[in-house]
Amino acid sequence: MKLTTIDRKKFRVRNKVKKVAKPGRFRLCISRSAKNISAQIIDDIKEVTLLSASSVEKDIKSINKTKKIEMSKVVAEKLAKRAQEKKITKIFFDRGGYKYHGRIKVFAETLRKNGMEF
């Protein structure tokens, strides 16, 4: 089966992150669409999703932020808060084939401001 260019990018980024995975560090996977953004923290060793946050959740959707960049900040703050409750501070950032630009960059910077290390 031949992979598309986007699939090859995702595969390449994800494999680089998985190679350096250690038991104390988890992978933060981001996916975005034209209107929404979602992220989840995954334990690659156990292959389990530990926690997630998305812009389609009721409490985040009710905020009514019109700009997508502002929505990315809100979702990142929510994810960082949930991660701190589970005592997760060190992660690997899996940008999922997206350029480190715009909403993805704002998301990452907001996570760093809220105490996440990557």
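Every number in this text was worked out from the coordinates using simple rules, so none of it is lab data. The structure presented is a predicted model; accordingly, all values stated were derived computationally and were not measured. Note that we place each Cβ from the backbone using ideal geometry, even for glycine, and neighbour counts take in every protein chain shown.
The figures follow:
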| quantity | calculated |
| --- | --- |
| Two-site label geometry, K65 and K99: point separation in nm, points 7 Å out along Cα→Cβ | 2.2 |
| Relative exposure of V48, V75, judged by other C-beta atoms within 10 Å (fewest first) | V48, V75 |
| Anisotropy class of the chain from Cα gyration tensor, a/c 1.5 cut | oblate |
| Footprinting exposure proxy for S55, S72 (fewest neighbouring C-beta atoms within 10 Å first) | S55, S72 |
| The chain: relative contact order in percent, alpha carbon pairs under 8 Å with at least 6 residues between | 28 |
| Cα-centre dipole for the range 1-105 with unit charges at Cβ (Lys and Arg positive, Asp and Glu negative), debye to 20 | 460 |
| Dipole of the chain, positive end: most advanced residue of Y100, M71, C29 [Cβ charges, Cα centre] | Y100 |
| Sequence ranges 24-33, 80-89, ranked by mean other-Cβ count within 10 angstrom, highest first | 24-33, 80-89 |
| Helix-only mean residue ellipticity at 222 nm for the chain, each DSSP H run of n ≥ 4 adding -39500 (n - 2.57), per residue, nearest 500 | -12500 deg cm²/dmol |
